[in-house]
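Reading through the structure tokens given below for one structure.
The values are calculated or read from the model by the stated rules, or taken from the named source; none is laboratory data. Because the structure is a prediction, the values reported are computed rather than measured. Here Cβ is always computed from backbone atoms with ideal geometry, including for glycine, and neighbour counts include all displayed protein chains. These accessible areas exclude ligands, DNA and RNA; they are computed on the full protein's heavy atoms, side chains included. Shrake-Rupley method; radii C 1.70, N 1.55, O 1.52, S 1.80 Å.
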Amino acid sequence: MQFFIQLFTDPVGFYQAHQLLLGQIGINALLTLSMYLTLRAGMLTLANVGFMAVGAYTSVLLHLNAHVAVLPALVAGALAAGLVAIPIGVPTLRLSGIYLAIATLGFGQVVVAAILNIPATGQGQGLTIPDASLSTLPTFISLAVVTALCWRLWQTRLGTAWDAIREDPLAAEAQGIDVARYRLLAFVLGAVLAGYAGALEARTNFFIDTSLYTFQRVVGVLVFATLGGIGHVAGPILGAGLLTTVPEVTRFAQLYRDAVYGALLLLLTIFRPAGLITGRRRSGVGHLLRRAVGRRERV
């Protein structure tokens, strides 16, 4: 209760007291939006946390060893994750469902194993960023820009094609939509965003190691996206914000925190199986295909 009282009565004090939490909410929202891109295209991929690690370590190593400025290092981290995603996506995106999830989950474990064995990454000791900043401004500016881009994306032919592929990939392919290419594009864009989130997180944490990229975090991001809802771009953001905040809000019941968290997830799954924000569903795969194919022909 003190959490909400301070939020409304002393916003400045609230920000100072919970700066790390607010920053983590923003980072988790960006990471969840990266998974949202692939889920909207009908793919259950679990490699995003691995791409996050690639982006984080690339940006930090460039900054520490080559003295690259912060912004170029962030961009380089995002691009590195996107480049790594191409050879990973080409063979694995032929799979679907649980097989695709398992294959992409394995990538994250490979990344962690590589970090633990490459001397430049500090191996198990991690890396310290001496001039990192706790400011949440870059994170929330990035989140606003990414949210606007995602929202606009679903009004375009590309977004419509992804929706059509999610609803019925065989029908989409029969109408001339290059399913493999569109899926790979969603996978790579998700990796770029995850890499950027990782690079941004590294700049606010002062320290990174492999404990940030565990299987538990992979599951957490999937839960954020699913319970927030993938029918609208606000769903993953709400899911990440709500579930990142729950452990802090339930601090008064520290001994029962995991039980409260689990009960909340159970209730949300039962009463809101499509997520907290479902959005307006587009009217059937036929309508989606006409929009995707029709717009493409005009282009």
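A compact table of results
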{"item": "Checking Val260 against (1) of a type outside the set (D, E, K, R); (2) modelled with pLDDT under 80; (3) closer than 30 Å to Ile118 by Cα, the condition it does not meet", "result": "(3)"}
{"item": "Verdict on Thr147 being polar (S, T, N, Q), in a helix (DSSP H, G or I) and over 19 Å from Leu31 (Cα atoms)", "result": "no"}
{"item": "Residue that is touching a strand residue (DSSP E or B) at 6+ places or on another chain (Cβ under 8 Å) and of a type in the set (Ser, Thr, Tyr), where the choices are Tyr36, Tyr57", "result": "Tyr57"}
{"item": "Verdict on Leu46 being assigned to a loop (DSSP other than H, G, I, E, B) and modelled with pLDDT of 90 or more", "result": "yes"}
{"item": "Candidates Ala29, Ala53 - the one that is closer than 19 Å to Leu153 by Cβ and either over 11 Å from the mean Cα position of the chain (by Cα) or in a helix (DSSP H, G or I) (or both)", "result": "Ala29"}
{"item": "Search result, residues across the range 170-182 that are at pLDDT below 90 and either open to solvent by 50 Å² or more (accessible area, probe 1.4 Å) or not in a helix (DSSP H, G or I) (or both)", "result": "Leu170, Glu173, Ala174, Gln175, Gly176, Ile177"}
{"item": "Conditions (1) closer than 14 Å to Tyr57 by Cβ; (2) open to solvent by 80 Å² or more (accessible area, probe 1.4 Å); (3) at pLDDT 90 or above: number failed by Leu116", "result": "(2)"}
{"item": "Tyr213 vs. criteria over 16 Å from Leu46 (Cα atoms) and under 14 Å from the mean Cα position of the chain (by Cα)", "result": "no"}
{"item": "His67, sole failed condition from (1) of a type outside the set (Phe, Trp, Tyr); (2) surrounded by fewer than 21 Cβ atoms within 10 Å (Cβ to Cβ); (3) part of a helix (DSSP H, G or I)", "result": "(3)"}
{"item": "Of the criteria (1) within 27 Å of Thr210 (Cα to Cα); (2) in a helix (DSSP H, G or I); (3) touching a His at 6+ places or on another chain (Cβ under 9 Å), which one Asp131 fails", "result": "(2)"}
{"item": "Residue in the range 46-60 that is surrounded by fewer than 24 Cβ atoms within 10 Å (Cβ to Cβ) and farther than 22 Å from Arg217 by Cβ present", "result": "no"}
